[in-house]
Amino acid sequence: MGATPHSNGNGSILDQENGTLSSPGSATHAISSSVDFGTIEAVEYVRSLTDVGAMTRLLHECIAHQRALDVQLDDLLSQRGDLDRHLLHLQRSSEVLDIVKSDSDHMLSNVSSTCDLADDVSRKVRELDIAQSRVRSTLLRIDAIVERANCLDGVHRALENEDYEAAAKYVQTFLQIDSQYKDSASDQRERLMGAKKQLEGIVRKKLSAAVDQRDHPSILRFIRLYTPLGLEEEGLQVYVGYLKKVIAMRSRLEFEQLVELMEQNSAGGINAGMNQSPVNFVGCLTNLFKDIVLAIEENSEILSSLCGEDGIVYAICELQEECDSRGSVILKKYMEYRKLAKLSTEINAQNNNLLAVGGSPEGPDPREVELYLEEILSLMQLGEDYTEFMISKIKGLTSVDPELVPRATKAFRSGSFSKVAQDLTGFYVILEGFFMVENVRKAIRIDEHVPDSLTTSMVDDVFYVLQSCLRRAISTANISSVVAVLSGASSLLSNEYQEALQQKTREPNLGAKLFFGGVGVQKTGTEIATSLNNMDVSSEYVLKLKHEIEEQCAEVFPAPADREKVKSCLSELADSSNAFKQALNAGIEQLVATITPRIRPVLDSVGTISYELSEAEYADNEVNDPWVQRLLHAVETNVAWMQPLMTVNNYDTFVHLVIDFIVKRLEVIMMQKRFSQLGGLQLDRDARALVSHFSVMTQRTVRDKFARLTQMATILNLEKVSEILDFWGENSGPMTWRLTPAEVRRVLGLRVDFKPEAIAALKL
């Protein structure tokens, strides 16, 4: 039965697998799942048994337990031989362990002795090292005392011999030694300090005398003594002050020469004086900046030796004060000499009186103004280049406080020189605007035909002036100047220049003048074509100018805010280009309106031509064209003669507008006719002849112009009404239908042999 429980006669259930005895009726006979044989509890349990089944089970368990013990005993006995061998080995090893223990004790004794000896040696070495350090310190102190005495004697000898470099070196050495040993030799220190004070007085006196005499080698000699004496900051101030005096003196002398020339020229007038002895303000300002830059570049070493790179920054900022004072005087004197304030007032007054009838024609001479503009531009560029160089010089110094750069930049940008330069910039804007307006008006006034050119002189002259003025404005690197000049240019183009462009095309009786006596008048045609060409080329020039200005401003003005300002002004230029194009289209349409009445009679005659052709008539038409050649001849006579007079773009537009007129008229005429199938073939042949001829006349495609007419011919060529479905909808292939379904039905209705019922039944 294996592990299956079974019942005995007393109702007990014996679990043979787990050895569990349980009674369903009494809890007192419940015992644990196993018996721990050999214990007192097991004996007590055996004695308490009364059930035979339980006894039998326990007997079996006891027998099984006995058998297990026998197995364990047999296993242990089987290991006896190995245990005996191990015990014998251990017995033999114990003798070796005794020997090892003896050796270990001996080694321990030796190590302990050695350790004690090492500790004793180490203690003695430490004592020796301390003694040696004290000896070395004592020797150094003795050397210092001797050296200080030597320095003191050397200072006095050097002063007696006027060897100030050696004296300063002795002082520096004494001070270095004294900084290490301040606890002694106070008498020596006092004597040395007295000698140092004496040397400082001599150096200051000698340096002052050298500065007064502008003896640069002597100045360098004595300024180098400030470092060993510990007077670096004082030396820096004195030396930079000397540089400022030199720069101020040279600038003042040159400025006085400039003023003297001004006074000499004032007697004979500005122009006469300029021809005799030019007053070179640009050269004067250039020399000032050059002196400042060279002062920094050539003295960087001595400045750095005094106070490091901070000394260079100090010198730059101090010399900038000289730039502010002397440079401002030069700019103010220039504005006074050129009378820019008065000139600007006259220009503004003239601008205010532009609309007045009979206004004074006299005003500033644009040629003189152009000279002033070049001078102003040179002065502004000098100031900008100098400022950028100095700022980059400061940024290039590695050990300078980073916060110093923005402060220095602000000082440069907000100094008095910068403020006067802004005033000069304001005058520049006024003069540049005047120069641009006057020269554009002059170009319009002297406009004339240029041989071998499709445009008049006005176009190239005006855009040359605008380009020059805008380039000059950009070179100022001042965004306000660029915006002002750019706005002025846009205003000129949109008003006066556009009015001049349209003047010729607005003449009355244009058609009569163009075809006087029924023949094209070459002179009138040339004038009209040239006027249209001016508009076409001007539109292109505006876009080119816009692109050029945009590229140049992107390089000069990287700031996003500045770019947005330029972009806004450039959009006005683009508007001018669009306005020129609109005026051009209107002018060409007006020209076409004078041409079409001379072509219309030929087109009207097409209305009398029959397309209900027999085979004989169709064949005769192939030999004797009924109307196409007459139409093309009329076009050649009235249109083609304008080709050499017009730009390619204008002539193509002109021809296409004529084609539009012809095609629209032909569509109307053909929709009023009746066709046989041969008539449809004839219309197809006529349309092909027109496409072929006009394709030669223009560089643009003309097939799309004749698409509707060609599709009408295709429909009228069909054998039967249902064939249209082979070309319609999904079957159209690459062809795009220009006719609506209603128009297709109407065209089909033009065929004399197509039944209306079949046409009406079509599903288009």
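The values are calculated or read from the model by the stated rules, or taken from the named source; none is laboratory data. Values in this document were obtained by computation on a predicted structure and should not be read as measured data. No Cβ is skipped: glycine too gets one built from the backbone with ideal geometry, and neighbour counts run over all protein chains shown.
Computed values, structure above
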| read-out | value |
| --- | --- |
| Pairs, first hydrophobic (A, V, I, L, M, F, W, C) in the range 252-263, second part of a helix (DSSP H, G or I) and modelled with pLDDT under 90, C-beta under 9 Å, six or more apart | Leu261/Gly273; Met262/Gly273 |
| Residue list for the range 187-228, filter: within 21 Å of Ala295 (Cα to Cα) and acidic (Asp, Glu) | Asp212, Asp215 |
| Unique match (being assigned to a helix (DSSP H, G or I) and under 12 Å from Gly230 (Cβ atoms)) among Leu175, Leu159 | Leu175 |
| The range 492-518, residues that are over 30 Å from Glu572 (Cβ atoms) and in contact with a Ser or Thr (Cβ under 9 Å, 6 or more places away or on another chain) | Leu510, Gly511, Ala512, Lys513, Leu514, Phe515, Phe516 |
| Any hit, the range 198-217, residues being touching a Gly at 6+ places or on another chain (Cβ under 6 Å) and of a type outside the set (D, E, K, R) | no |
| Count of the range 708-728 residues which are more than 18 Å from Leu764 (Cβ to Cβ) and among the hydrophobic types (A, V, I, L, M, F, W, C) | 2 |
| Helices (runs of 4 or more DSSP H) (entirely within the range 284-353) containing at least 3 residues that are among the small types (Gly, Ala, Ser) | 300-322, 340-352 |
| Selection from the range 695-707 of residues that are out of contact with any helix residue (DSSP H, G or I) (no Cβ under 6 Å at 6 or more places or on another chain) and either assigned to a helix (DSSP H, G or I) or under 18 Å from Glu612 (Cβ atoms) (or both) | Ser695, Val696, Ala707 |
| Checklist (1) at pLDDT 80 or above; (2) in contact with a helix residue (DSSP H, G or I) (Cβ under 6 Å, 6 or more places away or on another chain); (3) surrounded by fewer than 19 Cβ atoms within 10 Å (Cβ to Cβ) applied to Val246, failing item | (2) |
| Set Glu384, Glu370, Glu374, Glu403: member being more than 18 Å from Phe289 (Cβ to Cβ) and within 30 Å of the chain's Cα centre (by Cα) | Glu403 |
| Extreme residue, nearest to the chain's Cα centre (by Cα), among residues of the range 208-221 that are surrounded by 12 or more Cβ atoms within 10 Å (Cβ to Cβ) and over 10 Å from Tyr239 (Cα atoms) | His216 |
| Test set (1) assigned to a helix (DSSP H, G or I); (2) acidic (Asp, Glu); (3) assigned by TED's automatic domain parsing to the domain that holds Arg688 - Glu589 fails condition number | (3) |
| Unique residue being under 24 Å from Ala167 (Cα atoms) and either of a type outside the set (S, T, N, Q) or not assigned by TED's automatic domain parsing to the domain that holds Val329 (or both) when the list is Glu234, Glu256 | Glu234 |
